[in-house]
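Remarks on the structure that follows.
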Amino acid sequence: QVSLVESGGGLVQPGGSLRLSCAVSGNIFSINTMAWHRQAPGKERELVALITSGGITNYADSVKGRFTISRDNAKNTVYLQMNSLKPEDTAVYYCRVVARYTYWGQGTQVTVAS
C-alpha cells in the first residue's frame, strides 16, 4: 500500500514562509517525477512546481523566484519551500508522485492572511 503524507501547512502572514513536506511510504517500485499542485477556492487545481528524477525543476510563473521544490530520495520525500507568501497563494496544496502509477497526497491547507 502506497501512501503520501503531507505536512507543514498552516496560517502565515503575507511575506512569511512555510515549508511543505510529502513523505512517501509503502510498496513502491521507483519514483520518477514529484510535484506540488494547489487548488484555491472556486478555482481549478493547478501545477505549482515539479522535480524530475534527474533534478530538473519547473515552476508556475506565479511562484517562480519565491518557491523552491526539492527532494530527498533516501527519505522518499519531496519538499516545497515557500517564501514571500502572498494572499493569492492561499490554497490546498497537494503532493503528487509518479512511479508506475500516479499517487496523490491528502492535501494540506495554506492560508496567507494578516
Q.
Within the stretch 18-30, does at least one residue satisfy the condition of being open to solvent by 60 Å² or more (accessible area, probe 1.4 Å), modelled with pLDDT of 95 or more and assigned to a strand (DSSP E or B)?
A. yes
Q. Applying the selection to the stretch 70-82, what residues are open to solvent by 10 Å² or more (accessible area, probe 1.4 Å), under 10 Å from the mean Cα position of the chain (by Cα) and over 19 Å from Pro14 (Cβ atoms)?
A. Ser70, Tyr79
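Being aliphatic (A, V, I, L, M), in contact (Cβ under 8 Å) with a residue 12 or more places away in the chain and open to solvent by 60 Å² or more (accessible area, probe 1.4 Å) is the filter here, so list the residues in the stretch 44-58 that pass it.
Listed by number, the list holds a single entry, Leu47.
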Q. If you go through the stretch 53-66 one residue at a time, do you hit one that is under 16 Å from Leu18 (Cβ atoms), modelled with pLDDT of 95 or more and of a type in the set (D, E, K, R)?
A. yes
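The values are calculated or read from the model by the stated rules, or taken from the named source; none is laboratory data. All values derive from a computational prediction rather than experimental measurement. As a convention, Cβ positions derive from the backbone with ideal geometry for all residues, glycine included, and neighbour counts pool all protein chains shown. Ligands, DNA and RNA are stripped out before the accessible areas are found, and what is left, the full protein with its side chains, is counted by its heavy atoms. Shrake-Rupley method; radii C 1.70, N 1.55, O 1.52, S 1.80 Å.
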